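A short write-up of the structure that comes next.
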Amino acid sequence: MDTILHYAWLIPLFPLFAFIVLVSFGRQLRGGASSVGILAAALSCVLALVIGWQSYQGAASEKVLVEWMNIRDTVIRVGYEINSLNAMMLVIISVVSLLVQIYSKEYMRDDERVPVYYQYLSLFAFSMMALVLSPNLLQLYIFWELVGVCSFLLIGYHFSKPKAMLAAKKAFIVTRIGDVGLLIAIILLFWWTGSFEYSEIFKTVALGKMEPWMTTLTAVLIFVGAVGKSGQFPLHTWLPDAMEGPTPVSALIHAATMVAAGVYLVAATYPLFLDSQTALDIVAYTGGFTAIFAALIGLTQTDIKRVLAYSTISQLGYMMLALGVAGAIGYTAGVFHLFTHAFFKALLFLAAGSVIHAVHTQDLFQMGGLLKKMPVTGIAFLIGCLAIAGIPPFSGYWSKEEIISAVYSAQRADLLWIAVITVFLTSFYMFRLFFLTFTGKAVSQAISRAKDPSAVMRIPLLVLAVLAVLSGFLNMPFAPLLENWQLAGDVGESIHFAMPEAAELHAPWLSVVSVLVSLAGIVLAYLIYVKKAIAATWIARPLPWLYRLSNRAFYLDEIYRYGLAVPLRGIGMLLDLFDHYLIGGLVQLAVKLANGLGGLHARLQSGQMQTYGLIVLLGIVLLLIGITTQGGVSFGQ
Amino acid sequence: MVNNTLLSLITFSPLLVIVVLMFTPKQMVGTIKTIGVLGTLLPLIMSLMLFAGFDYSAGLQFIERRDWIKIPIGLDQNGSLTFFPIRYEMGIDGASMPLLLLTAIIGTLAAVGSWQMKRRLREYFILYHLLLIGMFGVFSAQNLFLFFLFFELTLIPVYFLLGIWGYAERERAANKFLLYNGIGSAILLLAFIAIFVQLQTVNFGELQQVLTNPDDPLSGYLSPEYRYGLFVALFIAFGIKLPIFPFHSWMLNVHVQAPPPVVMIHSAILLKMGAYGLLRIGINFFPDQAYEFSVWLAVFGLINIFYGAVLATVQKDLKMVLAYSSISHMGMVLLGFAAMNSIGFQGAIFQLVSHGLISALLFFIVGVIWDRTGTSTITELGGIAKSMPFISGVFLAGALASLGLPGMSGFISEFLALMGLFGAMPLHAAIGAIGLIFTTIYVLRAVLRAVYGPTPSRLTRLADAQPMEAIPLVVLLGVIILIGIYPAVLSDPLQKTLDSIVPVVTGIGG
């Protein structure tokens, strides 16, 4: 079969082309700018779907490399590689990217910088697709940084707002901390394996040529990169602030694709992690902790987008947890959750965007009763909530079920508790969000006038809603289609090689328990926010510090500010004085001395030039002396 | 054949412009400007020809060798005078060619940037072209004597350009510049003399041959201790130029006080002469000692990186931010050298070119901003992206290049320098990598505050780039991106030259 996989490299090129067109002719195109972006996104979407299908059918992986740069004996190559993991990623990226771009056409209609907006979106789509297509770590890193910059540019899109600007800056700096870890890992791996290529690195690891401590170190450093990008504790603080960006951007970059790049990275370098139990444990515990930590913060947020942001952090934590407990099922579960989460979280953000578009506020307590005014949006949001809460048959049920099952199979009681408690917290805060927004009474005029958006925004919502329901059927315990697809390649082999004895422990009761736990969360939210049978302040009143801790996100921002940023500034100020008075003062002294010696004033035309002339003259005299004395002797020969 | 004179033609073509300018009446301001700017195209075109004709498979090329001065040094047995011939020797290889080309490009663009200059234009352009001669010469010279001559030749025009056309405290800055560089030159001269009196040659090729070949009869003339002393002296002399902490304070004044085109040249080219000299003369001639000293190179590199970066985060003036940023970025060059392997050297040379382009771009923009607003103080600016979207966009792009964004030249250079150092001193390299975070902090702080955020009412009506301003911006950004995407354009010509430096170095490195 002649495979269309040969043309995979075209997928990122469509948006790149759109970006170049928009940079060159954006101002002339104006309204047409969105069409350029959407057209390019549609083309890559079609191609990505075809390639995804072929890959699912079992088309062999493909890799193409060309020389990029030579450093004496070292050849650095670039190219692309298509395998089951990145074929799936391409489907996610291109589908969500297309839907978001269509949605944005209406959402951003009144903005005067629409061409710039589509420039950034196209550049992002290109970079993100190129990231997953990268056959080696260096190339991945290049696009890893580029998606970060696109994220930065889009968070700060409304650059006149100081908050947006600060959020953009914070996102860049905090993720950069992680990036440095990744960069160090890449370089260390190069020195140990002589290559940036995944396949070469895995080969070296498989042959046992890496020292165990080096495997652990590099795996952990790669994970540090993933922590920054995927908003894991303690580098998650940029993600809630990133909500300053336009909402469709949050859906695409800060929910479905870029923030999942960290999870993708761990999955793509999985054979390395499999070789180090320490690294896997660090992944699992960081993920688990992040999941519950972010969920606790999500309980008390009052901004619709910030709740969603913390839920994203929490869900990404789940994915890391799954990858960390490993085994065939853990790996699949992590990747599977990435897949379903992309759709239902994009759905939630776009639905939230419709709400914000209609009522011009993000404050939950300024909303209410919107279900009647915006039924399509409301139902779409409800589907998203049911999916993330893990209620069958919505997609999130299947993937989360698998994560919990993986944790159970790995017999990690502590992590299992965390996972199940987080299920409860998640369904509670998501339904708190839903009830506060869509039920109850309208509290403002804006709400009574609100209505569902036009078809341009509705269609992406509907498509995502369908995906949020259906995408889970791709991998059910009795029909593990995704598992068969994803484990078909080398990764599957190395997992079976690394942990041959790990078998899945089936526990149907566990599934029942977690659904019940989730329902309990929904019921509690219902009792508090709809029935008002329980006061919303029943915990906050007796334990105000607990409430504040959650509401202020455990004061982590403050800790960083006063623990890092302010001291750094202080050191900077001190050094500035040191530099100015001590180092600079030495010069003053020297200048005075030099002037004193010459007995001249520091005048341009006279003093300094003469001093300088003296030095040169002295030098030449010395030169001549040197030549005549020393040279004379040995030149006689 | 042209190849036998091309380097001299490039180097001395500004002389033609100087002569023409001397005979142009100083009232003809437009003509003077036109001659001054168009004149820089001569060396630029010839440098591009040189680049096109550069043979990747050869080392030193475009060699010129002529008898020049004969110095009487004594009498031979027959009683007649013996002379020591100082030859005029020029040539170029993979390490100097990129820098020569960079000089030609920046030379033209900074001349375009001089279009805004108002006072005493004839003198200005005469000095400007004199400076060009010196810079071209430094990168083409093939013996110590010529190198020193050109090296010194750059000081005089900078001194006057700074002292006459600079900002308020120009005289003080000019004096400080001269004092520091004078001391550096004195040390350099002493080191050169010390080399010369022992080995009786000033030719680079011969010196390298003698110094790195233990079997050479002359090699024994220099004991390892003597060599070590020489290397350290060279390190200090070139270190002042680079500049390394704590010899950097003169350079801050130059960056703040000199007119924008001079700062472009200064930061893009003149600082690079220090690094070039350290490689060409220091490391190339004394590889064993450089290897012994390499931990110190790394330590000084790290100090530069962090000292510059931390200070850049608290500066109020954009120019000071960029000045400290230069100190920080030059630290990366030292890290590349400290690696003592081909990857590190390549990174260092990439960093010289890359920082040259990026700092020229950023200083040019700061000049434009000054031109529009009369200030470069960060807190007095803000929100200018509203009325100057093009300039602001390029500024942000330049800032991203400066913090090492992949796809632009800064990433390649920092990546290679660090990668090289990881092969030699992983711990130092890891610390250096952390410097990237600091770079991000100060770059974003300065640029975002100056350009974005709310627009004060007095900054709402600023003119965006004029064509004369857009050209340098687009060219510089284009080259920065070209190198970032296709680094082979710079790395391929380098290979042969690295071959000639590295085997010697790694030979002892084991």
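Does region B:144-160 include one or more residues that are in contact with a Ser or Thr (Cβ under 8 Å, 6 or more places away or on another chain), within 11 Å of chain A (Cβ to nearest Cβ) and under 15 Å from B:Trp250 (Cβ atoms)? The answer is yes, given that some residue of region B:144-160 is in contact with a Ser or Thr (Cβ under 8 Å, 6 or more places away or on another chain), within 11 Å of chain A (Cβ to nearest Cβ) and under 15 Å from B:Trp250 (Cβ atoms). Residue check: B:Gly347 meets all listed conditions (1) more than 30 Å from B:Phe293 (Cβ to Cβ); (2) within 14 Å of another protein chain (Cβ to nearest Cβ); (3) not in a loop (DSSP other than H, G, I, E, B) but one, namely (1). The criterion of at least 2 residues that are closer than 30 Å to A:Glu62 by Cα is met, among helices (runs of 4 or more DSSP H) falling completely within region A:440-537, by A:455-470, A:481-486, A:490-498. Taking B:Phe192 as the residue in question, decide whether it is at pLDDT 90 or above, on the phi < 0 side of the Ramachandran plot, at the interface with chain A (Cβ under 10 Å from one of its Cβ atoms) and more than 18 Å from the chain's Cα centre (by Cα). Answer is yes for this residue.
Would you pick out the residues in region A:219-247 that are over 21 Å from A:Ala291 (Cβ atoms) and modelled with pLDDT of 95 or more? Before the answer, list the steps.
Here is the first cut: in region A:219-247, the ones over 21 Å from A:Ala291 (Cβ atoms) are A:221, A:244-247.
Listed by number, the list holds a single entry, A:Leu221.
Of the residues in region B:298-306, at least one is crowded, with 22+ Cβ neighbours inside 10 Å and within 14 Å of chain A (Cβ to nearest Cβ).
Out of A:Leu39, A:Leu47, I need the residue that is part of a helix (DSSP H, G or I) and either more than 25 Å from the chain's Cα centre (by Cα) or within 21 Å of B:Pro406 (Cα to Cα) (or both). Which one?
Working: A:Leu47 fails: either more than 25 Å from the chain's Cα centre (by Cα) or within 21 Å of B:Pro406 (Cα to Cα) (or both).
Sole residue among the options that is part of a helix (DSSP H, G or I) and either more than 25 Å from the chain's Cα centre (by Cα) or within 21 Å of B:Pro406 (Cα to Cα) (or both): A:Leu39.
Does A:Ile92 satisfy being within 21 Å of A:Ala352 (Cα to Cα) and crowded, with 18+ Cβ neighbours inside 10 Å? Break it down stepwise before answering.
Details: within 21 Å of A:Ala352 (Cα to Cα): yes; crowded, with 18+ Cβ neighbours inside 10 Å: yes.
Spelling it out, A:Ile92 is indeed within 21 Å of A:Ala352 (Cα to Cα) and crowded, with 18+ Cβ neighbours inside 10 Å.
Taking the criterion of being surrounded by 12 or more Cβ atoms within 10 Å (Cβ to Cβ), free of Cβ contacts under 8 Å to residues at least 24 places away in the same chain and not in a helix (DSSP H, G or I), the only residue of region B:1-38 that qualifies is B:Met28.
Of all residues being hydrophobic (A, V, I, L, M, F, W, C) and within 9 Å of chain B (Cβ to nearest Cβ) in region A:579-592, which is farthest from B:Asn175 (Cα to Cα)? Just the residue, please.
Here is the first cut: in region A:579-592, the residues hydrophobic (A, V, I, L, M, F, W, C) are A:582-583, A:586-587, A:589-591.
When the remaining residues are screened for being within 9 Å of chain B (Cβ to nearest Cβ), the result is A:582-583, A:586-587, A:590-591.
Numbers: A:Leu582: 19, A:Ile583: 16, A:Leu586: 14, A:Val587: 11, A:Ala590: 11, A:Val591: 8 Å.
Applying the filter and picking the extreme gives A:Leu582.
Scanning region B:86-127 for residues that are free of Cβ contacts under 8 Å to residues at least 40 places away in the same chain and of a type in the set (D, E, K, R) yields one hit, B:Lys118.
With respect to the conditions (1) crowded, with 20+ Cβ neighbours inside 10 Å; (2) more than 22 Å from B:Gly301 (Cα to Cα); (3) within 12 Å of chain A (Cβ to nearest Cβ), B:Pro261 falls short on a single one, namely (3). Considering region B:401-442, the residues that are more than 7 Å from every other protein chain (Cβ to nearest Cβ) and polar (S, T, N, Q) include one that is farthest from B:Ile305 (Cα to Cα), namely B:Ser409. Of the helices (runs of 4 or more DSSP H) entirely within region A:345-412, those holding at least 1 residues that are in contact with a Lys or Arg (Cβ under 7 Å, 6 or more places away or on another chain) and either modelled with pLDDT of 90 or more or on the phi < 0 side of the Ramachandran plot (or both) occupy A:370-373, A:375-389. Here A:Leu153 meets the list (1) part of a loop (DSSP other than H, G, I, E, B); (2) within 9 Å of chain B (Cβ to nearest Cβ) almost entirely, failing just condition (1). For A:Ser160, the criteria (1) closer than 30 Å to A:Ser311 by Cβ; (2) more than 11 Å from every other protein chain (Cβ to nearest Cβ); (3) of a type outside the set (Lys, Arg); (4) not in a helix (DSSP H, G or I) hold in every case but one, which is (2). Candidates A:Val116, A:Val64: the one that is aliphatic (A, V, I, L, M), surrounded by fewer than 24 Cβ atoms within 10 Å (Cβ to Cβ), more than 20 Å from A:Ile356 (Cα to Cα) and within 14 Å of chain B (Cβ to nearest Cβ) is A:Val116.
Would you call B:Leu50 aliphatic (A, V, I, L, M), within 30 Å of B:Phe196 (Cα to Cα) and either in contact (Cβ under 8 Å) with a residue 40 or more places away in the chain or surrounded by fewer than 20 Cβ atoms within 10 Å (Cβ to Cβ) (or both)? No; evaluated as a whole, the condition is false for this residue. Among the residues making up region B:307-317, those that are surrounded by 24 or more Cβ atoms within 10 Å (Cβ to Cβ) and within 21 Å of the chain's Cα centre (by Cα) are B:Gly308, B:Ala309, B:Ala312.
Given the options B:Gly331, B:Gly356, name the one that is crowded, with 24+ Cβ neighbours inside 10 Å, over 30 Å from B:Phe390 (Cα atoms), of a type outside the set (Lys, Arg) and in contact with a helix residue (DSSP H, G or I) (Cβ under 9 Å, 6 or more places away or on another chain). Quick ask: steps written out before the conclusion?
On the way: B:Gly356 fails: over 30 Å from B:Phe390 (Cα atoms).
Within the list B:Gly331, B:Gly356, the selection yields B:Gly331.
Within this structure, B:Gly274 passes the test of being more than 13 Å from every other protein chain (Cβ to nearest Cβ) and modelled with pLDDT of 90 or more. So, in region B:52-66, of the ones that are outside any strand (DSSP E or B) and of a type in the set (A, V, I, L, M, F, W, C), which residue ends up farthest from B:Asn143 (Cα to Cα)? Among residues in region B:52-66 that are outside any strand (DSSP E or B) and of a type in the set (A, V, I, L, M, F, W, C), the one farthest from B:Asn143 (Cα to Cα) is B:Ala52. The combined condition, being more than 28 Å from B:Tyr276 (Cα to Cα) and buried (at least 18 other Cβ atoms within 10 Å of the Cβ), is not fulfilled by B:Ile92. Apart from one condition, B:Met468 fits all of (1) surrounded by 24 or more Cβ atoms within 10 Å (Cβ to Cβ); (2) more than 10 Å from every other protein chain (Cβ to nearest Cβ); (3) not basic (Lys, Arg); the exception is (1). Restricting region A:163-177 to residues that are buried (at least 24 other Cβ atoms within 10 Å of the Cβ) and of a type in the set (Gly, Ala, Ser), the residue that is nearest to the other protein chains (Cβ to nearest Cβ) is A:Ala168.
The values are calculated or read from the model by the stated rules, or taken from the named source; none is laboratory data. None of the values given here were measured: they were computed from a predicted structure. A quick note on method: Cβ atoms are made from the backbone with ideal geometry, for glycine too, and the neighbour counts reach across all protein chains shown.
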